[in-house]
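The values are calculated or read from the model by the stated rules, or taken from the named source; none is laboratory data. Small disclaimer: the values here were computed from a predicted structure and weren't measured. Note that we place each Cβ from the backbone using ideal geometry, even for glycine, and neighbour counts take in every protein chain shown.
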Amino acid sequence: MSGASMWEAIGGIVRRDLLLAMRRRSDAAMSVFFLVIVVSLFPLGVGPEPAVLRTIGPGVLWVAALLACLLSLGRVFTADYLDGVLEQMVLIPQPLAVLVVAKVLGHWLISGLPVVLLSPLLGLQFGLSGESLGVLVMSLLLGTPTLSMIGAIGAALVLGVRGSGLLVALLVLPLYVPILIFGAGAVTSSMAGIGGEANLSLLGACLVLSLFLAPWATAAAVRIALE
Amino acid sequence: MSGKVYPRLYPCPLFFHALFPYSRRALSVELLMLQAVSLRCSRGERRLFSDLNVKVERGSLLAVVGENGSGKTSLLRIFSGLLPPEQGSVLWDGQDIHQLKELYSGQLTYIGHLNGIKDDLTPLENVTSSMSLAGEACSNNGAKEALEAIGLKRPIHHLPSKVLSQGQKRRVALARLWLSTRPLWLLDEPFTSLDTAATTVVTQRLHAHLHRGGLAVVVTHQEVALPSETVQRLNLTE
């Protein structure tokens with residue numbers, strides 16, 4: 001298969017997913033609103049003490065981003081599975097992993113990228129400094145695609161299972177732990193003045209590793225679901 | 001699989017081209033033969049069929065019939081490569097389809113019992129997006145012609161598909177047959193919820209496909225009104 005037709009296939013799937021998200025804006029906006037509300041609840045609950053907020057800020061933002069990603073995982077494959085589009089996608093003359101990469105890319109553009117773009121604004125609520133805000137954006141930029149990649153494995157595994165929302169959380173959350181530690185750690189260490197580079201490098205490594213392994217794992221899970 | 005484009009092998013009468021413009025397109029494969037070798041399939045504990053041998057050659061249609069639950073759809077999914085057979089193999093031009101993988105996917109058009117159309121997209125968008133997914137990108141006009149060929153009038157092309165009736169949705173799914181240049185068609189109950197007019201049109205389309213040297217496997221419990229020399233029946237109940 002030529003490289004050009006592979007990019008065409010990826011582009012076609014991403015375009016279609018974005019078009020579908022545009023038709024159902026409320027669905028797509030839901031996880032972003034969830035993030036905003038959860039993050040805004042913490043200052044209200046914990047109280048306006050700047051030192052406390054600054055300490056918990058990175059962790060809260062990262063946990064909220066992670067849960068927002070988890071909420072939207074159901075959309076990656078389920079709808080396509082139910083209306084038979086997934087069958088058609090599996091039968092395209094491209095390796096299945098290509099389809100998975102395209103679906104994950106679409107998922108990230110719809111639910112991951114808005115989180116990254118909103119995060120500086122939300123970080124301000126916790127009194128994060130300019131430099132830490134930069135590190136926060138960088139860490140989310142590297143971390144959220146990894147979350148989508150790992151989440152896709154879980155989303156594919158629970159296809160056709162009833163009550164899959166909770167199951168996917170149980171499957172995927174343990175795998176999210178390293179990303180959460182490195183992501184929140186990057187921001188915390190930059191606030192402590194030791195720079196977030198080490199943690200950001202680890203996040204980058206996680207992204208590369210998930211890009212390499214997750215598509216194959218997800219493709220295998222999709223095949224099993226369609227049998 | 002070679003990418004050579006062969007000239008049309010069978011001469012068609014002129015009126016045929018007027019009726020089915022797409023039959024003029026030659027299919028780009030050499031031999032064209034689908035063969036099942038001692039297939040066995042079980043779902044759960046139940047053995048659906050075993051030691052099933054069947055051969056479909058170019059220009060012929062395999063009509064798979066049988067009672068509900070006799071494994072018709074499973075057989076079609078095995079042919080499509082979605083379901084690996086428990087035993088035996090499916091050969092396309094003598095090569096195992098699970099080795100050919102994407103090369104084989106590039107030879108077939110599969111329309112399952114699910115329509116594979118998105119409720120939020122219009123029929124036109126559904127046809128163009130599923131064709132471009134399949135790697136056979138078509139123009140908007142091409143898609144419109146295909147939808148009209150199957151009896152969906154222009155005003156319907158721009159409605160969201162969720163407001164369509166079952167039969168209309170089925171037509172949207174089947175409109176792909178007017179655009180497909182793939183030699184092998186695998187259709188699961190294509191005539192379900194279609195009215196007689198649409199059934200006739202789809203049958204004619206199948207005829208044109210066979211006439212230009214294509215193959216088809218059709219799961220159905222209706223008689224397919226095609227010349228008997230082109231139709232091979234496989235009854236899974238017997």
- Test for residue B:23: is it modelled with pLDDT of 90 or more, within 18 Å of the chain's Cα centre (by Cα) and crowded, with 19+ Cβ neighbours inside 10 Å: no
- Note on the structure: Those helices (runs of 4 or more DSSP H) completely within the range A:105-197 that have 2 or more residues that are within 14 Å of the chain's Cα centre (by Cα) and of a type in the set (Gly, Ala, Ser) are A:130-157, A:164-191
- Item | Single match in A:82, A:91, A:96 (criterion: touching a strand residue (DSSP E or B) at 6+ places or on another chain (Cβ under 6 Å) and either surrounded by 21 or more Cβ atoms within 10 Å (Cβ to Cβ) or within 14 Å of chain B (Cβ to nearest Cβ) (or both)) | A:91
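For the range B:130-238, please list each of the helices (runs of 4 or more DSSP H) lying entirely inside it that holds at least 1 residues being more than 27 Å from residue B:119 (Cα to Cα).
Values: elements: B:140-149, B:154-157, B:166-174, B:196-211.
Once the helices (runs of 4 or more DSSP H) in the range B:130-238 are filtered for at least 1 residues that are more than 27 Å from residue B:119 (Cα to Cα), what remains is B:196-211.
Could you list, in sequence order, the residues of the range B:108-129 that are touching a residue at least 24 places away in the same chain (Cβ under 8 Å) and either in a strand (DSSP E or B) or more than 23 Å from residue A:219 (Cα to Cα) (or both)? Break it down stepwise before answering.
If we filter the range B:108-129 for residues that are touching a residue at least 24 places away in the same chain (Cβ under 8 Å), which is where we start, we get B:108-113, B:115-124, B:126-127.
B:108, B:109, B:110, B:111, B:119, B:120, B:121, B:122, B:123, B:124, B:126, B:127 - these are the residues of the range B:108-129 that are touching a residue at least 24 places away in the same chain (Cβ under 8 Å) and either in a strand (DSSP E or B) or more than 23 Å from residue A:219 (Cα to Cα) (or both).
Every residue, every condition in (1) in contact (Cβ under 8 Å) with a residue 60 or more places away in the chain; (2) aliphatic (A, V, I, L, M); (3) within 22 Å of residue B:208 (Cα to Cα), yes or no:
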residue: B:106; (1), (2), (3): yes, no, yes
residue: B:142; (1), (2), (3): no, no, yes
residue: B:148; (1), (2), (3): no, no, yes
residue: B:155; (1), (2), (3): no, no, no
residue: B:158; (1), (2), (3): no, no, no
residue: B:166; (1), (2), (3): no, no, no
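Filter the range B:140-181 down to residues that are among the basic types (Lys, Arg) and within 13 Å of chain A (Cβ to nearest Cβ) and give me whichever is farthest from the chain's Cα centre (by Cα).
B:162
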- Query: Which one is nearest to the other protein chains (Cβ to nearest Cβ) among residues in the range A:17-35 that are among the small types (Gly, Ala, Ser) and touching a helix residue (DSSP H, G or I) at 6+ places or on another chain (Cβ under 6 Å)?
  - Reply: A:21
- Task: May I ask you to list pairs of residues, at least six apart or on different chains, whose Cβ atoms are under 6 Å apart, with the first in the range B:82-102 being within 14 Å of chain A (Cβ to nearest Cβ) and the second being of a type in the set (A, V, I, L, M, F, W, C) and part of a loop (DSSP other than H, G, I, E, B)?
- Result: B:102/A:1
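Only one of these is at negative phi, within 14 Å of chain B (Cβ to nearest Cβ) and crowded, with 19+ Cβ neighbours inside 10 Å: A:143, A:106, A:154. Name it.
Residue meeting the stated conditions: A:106.
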- Name the residues in the range B:26-59 that are of a type in the set (Val, Ile, Thr) and modelled with pLDDT of 90 or more, would you? B:37, B:54, B:56
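If you check A:120, A:58, which single one turns out to be buried (at least 18 other Cβ atoms within 10 Å of the Cβ), farther than 25 Å from residue B:105 by Cβ, out of contact with any Asp or Glu (no Cβ under 6 Å at 6 or more places or on another chain) and away from chain B (no Cβ under 14 Å)? Even if it seems obvious, please write down each step before you answer.
Numbers: A:120 fails: buried (at least 18 other Cβ atoms within 10 Å of the Cβ).
So the residue among A:120, A:58 that is buried (at least 18 other Cβ atoms within 10 Å of the Cβ), farther than 25 Å from residue B:105 by Cβ, out of contact with any Asp or Glu (no Cβ under 6 Å at 6 or more places or on another chain) and away from chain B (no Cβ under 14 Å) is A:58.
Looking at residue B:62, is it closer than 24 Å to residue A:78 by Cα, crowded, with 20+ Cβ neighbours inside 10 Å and modelled with pLDDT of 90 or more?
No, not satisfied.
Return yes or no: is residue A:70 in contact (Cβ under 8 Å) with a residue 12 or more places away in the chain and more than 10 Å from the chain's Cα centre (by Cα)?
The answer is no for residue A:70.
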- Query: So how many residues does the range B:154-201 have that are of a type outside the set (Phe, Trp, Tyr) and closer than 16 Å to residue B:108 by Cβ?
  - Reply: 14
- Note on the structure: Pairing a residue in the range B:195-211 that is free of Cβ contacts under 8 Å to residues at least 24 places away in the same chain with any residue that is of a type in the set (D, E, K, R) and outside any helix (DSSP H, G or I), where Cβ atoms lie under 9 Å and the two sit 6 or more apart in sequence or on different chains, gives none
- Tell me, yes or no, whether the range B:129-139 has at least one residue that is surrounded by fewer than 17 Cβ atoms within 10 Å (Cβ to Cβ) and more than 10 Å from chain A (Cβ to nearest Cβ). yes
- Task: Kindly indicate whether any position in the range B:71-89 is loosely packed, with under 14 Cβ neighbours inside 10 Å and on the phi > 0 side of the Ramachandran plot.
- Result: no
